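In what follows, a single structure is set out as structure tokens and then discussed.
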Amino acid sequence: MMNLSITSRRHPTSAQMIVFPVFEGAPGLTRQAKRADTSVGGRLKRLLADEKLTGKAGEAAVLHTEGAMAAKKLLLLGVGTAPLTADSARTFAANAVIEARKAKCRTVAVVLPSGLPSKLAPSIIEAMVVGAKLADYRFLGHKGAKAVKDEEDKTVTDFAIELADDPGESGTKALASGVSIADAINNARDWTNLRSNVCTPVYMSNLATWIAMVSKGKIVAHVYGRQDMEGSGLNGVLAVAKGSAQDPKMVRLTYKPRAKTKAKLVLVGKGVTHDAGGYCIKPADSMLEMHMDMAGSAAVFAAMSAIAALDLPVEVHGLVFLAENMISGDAMHNGDVLTMYDGTTVEVGNTDAEGRLGLADLLAYAAKNIPDATCVVDIATLTGACVVALGMKMAGFMSTDDGLAERLVAAGAAGGEKHHRLPLECEYDDLLKSKVADVKNVGGRWGGAITAALFLKRFVGSAPWAHVDIAGPAIPAGTSPTQQQEGASGFGVYTLVNLARSYTK
Ligand SMILES: [Zn+2]
């Protein structure tokens, strides 16, 4: 566990490593760094010159104080151009943790320059907390006790943000928000990284119950099993699960704020705990990542836990289906026709386009049971086509509502999660035509992300709707300052929390 705190200059830090920012374009020592430089006999200034630091984000140089100060090491760390923004602050804090771990310092204090605009201070504090905690995350869910202990001995235990001006109550609140959000994102990463033999539909539905429990009554969880779903006709979900020995589940999480509700959000998540593709079986290598095909459901669970922790005055309903897409004598066939929750008949053109079958049922469920929603947002690792179009660093999304689209982009940007809007091109609707049923679940090779969204759109009610395809950024290739390990990123959690926040203003 990382302890996070805000300190003021009057209470000097006892951290092993003190971090001073260096800004691009003006790569000198900050006033606070100059004071430390005096204590170490000018060595910090010489280090800056020797290393030719330009202030580029991530550039780092470490100085051993050799007893001249209480801290063991001083770090000069590039931020990028001034002024500090939420984005640069998040990356800066993440890089501070990375460098501290390299230097084997477990307690860190980051000294920010004075003159931080007080209006920005809360967002910068929150961003730094999130950056620090995300950078320190390692997935240990499948490691043995010794490996876990070794890895835990490397974590940063204390991360202090030293500010020139006291940020007061808003600073403390921002710190707490950052902790709740980062914990939620790291939980989502844990759940998504867990392999399919552990993270089954039942495991995920138990998590939903756990989330409700730790929310101290703010969230209520309802878990529905196969029989319940048969009774209500959630045949899209059931078809996905037909070839699996694992029982499918549907989860409904409800968060009702104690304060007066300002909006009613519905968040829908795809929870395919393993996707072998069904009879349209995937190549062996492509299956290796398919334990992460439930990243959307993890994002919904985690976002709701953070929204409850922040006591946001909005009502939120989380709808998630949990199933495995496998092969057996019972599995759905290519060409099967399903009668969905809302009565629409769907020809299964491809059994690997299973996510949209489950999502369609939940969207129709939302339209019928929560018809007065302010907005409905579904989030899913849905199409490879979206990854081909936009790569691993951003989500693609489609929306029936410009206002919601704008909110979503802004909500993502505030948390460092990029979203790019793709069109709901109605001319492509013809690609989904079926000769035997109302619609087909695939539209062919071209524009696959768009035809997936057009399929879902048929099941949406009158509430503004957005479909977020996170097939790329949920499982990014390679690492970044906040993503030190390959695997799940927790993408979408921060965006959904910020989206809920946007309705509180
Ligand atoms: Zn699939």
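When you check A188 against the structure, is it more than 17 Å from the chain's Cα centre (by Cα), crowded, with 21+ Cβ neighbours inside 10 Å, in a helix (DSSP H, G or I) and touching a residue at least 24 places away in the same chain (Cβ under 8 Å), yes or no? I'd like the intermediate steps shown before the answer.
On the way: more than 17 Å from the chain's Cα centre (by Cα): no; crowded, with 21+ Cβ neighbours inside 10 Å: yes; in a helix (DSSP H, G or I): yes; touching a residue at least 24 places away in the same chain (Cβ under 8 Å): yes.
Criteria not met by A188.
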Practice item. Could you tell me whether any residue of the range 448-469 is more than 14 Å from T344 (Cα to Cα), at pLDDT 95 or above and of a type in the set (D, E)? Key: yes
Practice item. Please enumerate the residues belonging to the range 106-125 that are crowded, with 22+ Cβ neighbours inside 10 Å and assigned to a loop (DSSP other than H, G, I, E, B). Key: L112
Exercise for review: Just give me the residues in the range 138-176 being within 21 Å of V19 (Cβ to Cβ) and among the small types (G, A, S), in sequence order.
Suggested key: A160, A164, G171, A174
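Return yes or no: is G231 part of a loop (DSSP other than H, G, I, E, B) and surrounded by fewer than 20 Cβ atoms within 10 Å (Cβ to Cβ)? Write out each step before concluding.
Working: part of a loop (DSSP other than H, G, I, E, B): no; surrounded by fewer than 20 Cβ atoms within 10 Å (Cβ to Cβ): yes.
It is false that G231 is part of a loop (DSSP other than H, G, I, E, B) and surrounded by fewer than 20 Cβ atoms within 10 Å (Cβ to Cβ).
Residue-wise test of (1) more than 19 Å from A121 (Cα to Cα); (2) in contact (Cβ under 8 Å) with a residue 40 or more places away in the chain.
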site	(1), (2)
E24	yes, yes
D37	yes, no
A49	yes, no
K52	yes, no
A60	yes, no
L63	yes, no
A82	no, yes
Exercise for review: Kindly indicate whether any position in the range 215-222 is in contact with a helix residue (DSSP H, G or I) (Cβ under 6 Å, 6 or more places away or on another chain), closer than 20 Å to I470 by Cβ, among the hydroxyl-bearing types (S, T, Y) and not in a helix (DSSP H, G or I).
Suggested key: no
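Checking the structure you have, find out if any residue of the range 409-430 is among the basic types (K, R), away from the ligand (no atom under 16 Å from the Cβ), over 22 Å from G487 (Cα atoms) and outside any helix (DSSP H, G or I).
Checking the range 409-430: at least one residue is among the basic types (K, R), away from the ligand (no atom under 16 Å from the Cβ), over 22 Å from G487 (Cα atoms) and outside any helix (DSSP H, G or I).
For V439, indicate whether it is touching a residue at least 60 places away in the same chain (Cβ under 8 Å) and farther than 20 Å from A299 by Cα. Give the steps one after another, and end with the answer.
On the way: touching a residue at least 60 places away in the same chain (Cβ under 8 Å): yes; farther than 20 Å from A299 by Cα: yes.
Yes: the conditions hold for V439.
Look through G343, G329, G318 and report the one residue that is away from the ligand (no atom under 16 Å from the Cβ), in the same structural domain as A221 (by TED's automatic domain parsing), over 23 Å from V439 (Cβ atoms) and without any contact (Cβ under 8 Å) to a residue 12 or more places away in the chain. Outline the logic, then answer.
Values: G343 fails: over 23 Å from V439 (Cβ atoms); G318 fails: without any contact (Cβ under 8 Å) to a residue 12 or more places away in the chain.
Result: G329 is the single residue among G343, G329, G318 that is away from the ligand (no atom under 16 Å from the Cβ), in the same structural domain as A221 (by TED's automatic domain parsing), over 23 Å from V439 (Cβ atoms) and without any contact (Cβ under 8 Å) to a residue 12 or more places away in the chain.
Pull up the range 39-72, narrow it to residues that are in a loop (DSSP other than H, G, I, E, B) and β-branched (V, I, T), then point me to the one that is nearest to K104 (Cα to Cα). Spell out the reasoning first.
Applying the first criterion (in a loop (DSSP other than H, G, I, E, B)) to the range 39-72 yields 40-42, 51-59, 65-72.
Now restrict to residues that are β-branched (V, I, T): 40, 54, 65.
Details: V40: 20, T54: 25, T65: 14 Å.
Here the answer is T65.
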Study note, to complete from the structure: Looking across the range 241-277 at residues that are more than 25 Å from the chain's Cα centre (by Cα) and hydrophobic (A, V, I, L, M, F, W, C), the single one that is farthest from G358 (Cα to Cα) is A259
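Residues K282, K264, K256: which one is surrounded by fewer than 21 Cβ atoms within 10 Å (Cβ to Cβ), in the same structural domain as G233 (by TED's automatic domain parsing) and within 14 Å of the ligand (Cβ to nearest atom)? Give the derivation first.
Values: K264 fails: within 14 Å of the ligand (Cβ to nearest atom); K256 fails: within 14 Å of the ligand (Cβ to nearest atom).
Of the residues listed, the single one that is surrounded by fewer than 21 Cβ atoms within 10 Å (Cβ to Cβ), in the same structural domain as G233 (by TED's automatic domain parsing) and within 14 Å of the ligand (Cβ to nearest atom) is K282.
Quick grid of which residues meet (1) touching a Phe, Trp or Tyr at 6+ places or on another chain (Cβ under 6 Å); (2) surrounded by fewer than 20 Cβ atoms within 10 Å (Cβ to Cβ); (3) of a type in the set (K, R):
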residue: C386; (1), (2), (3): no, no, no
residue: L390; (1), (2), (3): no, no, no
residue: E425; (1), (2), (3): no, yes, no
residue: V442; (1), (2), (3): no, no, no
residue: R458; (1), (2), (3): no, yes, yes
residue: P481; (1), (2), (3): no, yes, no
residue: S489; (1), (2), (3): no, no, no
Review point. Does D166 satisfy the condition of being modelled with pLDDT under 95 and in contact with a strand residue (DSSP E or B) (Cβ under 9 Å, 6 or more places away or on another chain)?
Key: yes
Review point. Do the conditions hold for I475, that is, is it β-branched (V, I, T), in contact with a helix residue (DSSP H, G or I) (Cβ under 8 Å, 6 or more places away or on another chain) and surrounded by 24 or more Cβ atoms within 10 Å (Cβ to Cβ)?
Key: no
**Study point:** Whichever residue in the range 285-301 is among the aliphatic types (A, V, I, L, M) and within 15 Å of the ligand (Cβ to nearest atom) and, among such residues, is surrounded by the most Cβ atoms within 10 Å (Cβ to Cβ)
**Key:** M294
Check your understanding: Any idea which residue in the range 354-374 is farthest from the ligand (Cβ to nearest atom), counting only those that are crowded, with 24+ Cβ neighbours inside 10 Å and hydrophobic (A, V, I, L, M, F, W, C)?
Key -> A366
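It is to be established whether one or more residues within the range 264-277 are acidic (D, E) and touching a Ser or Thr at 6+ places or on another chain (Cβ under 8 Å).
no
The values are calculated or read from the model by the stated rules, or taken from the named source; none is laboratory data. This is a predicted model, so every value here is computed, not measured. Quick reminder, even Gly has a Cβ in these numbers, built from the backbone with ideal geometry, and neighbours come from all protein chains shown.
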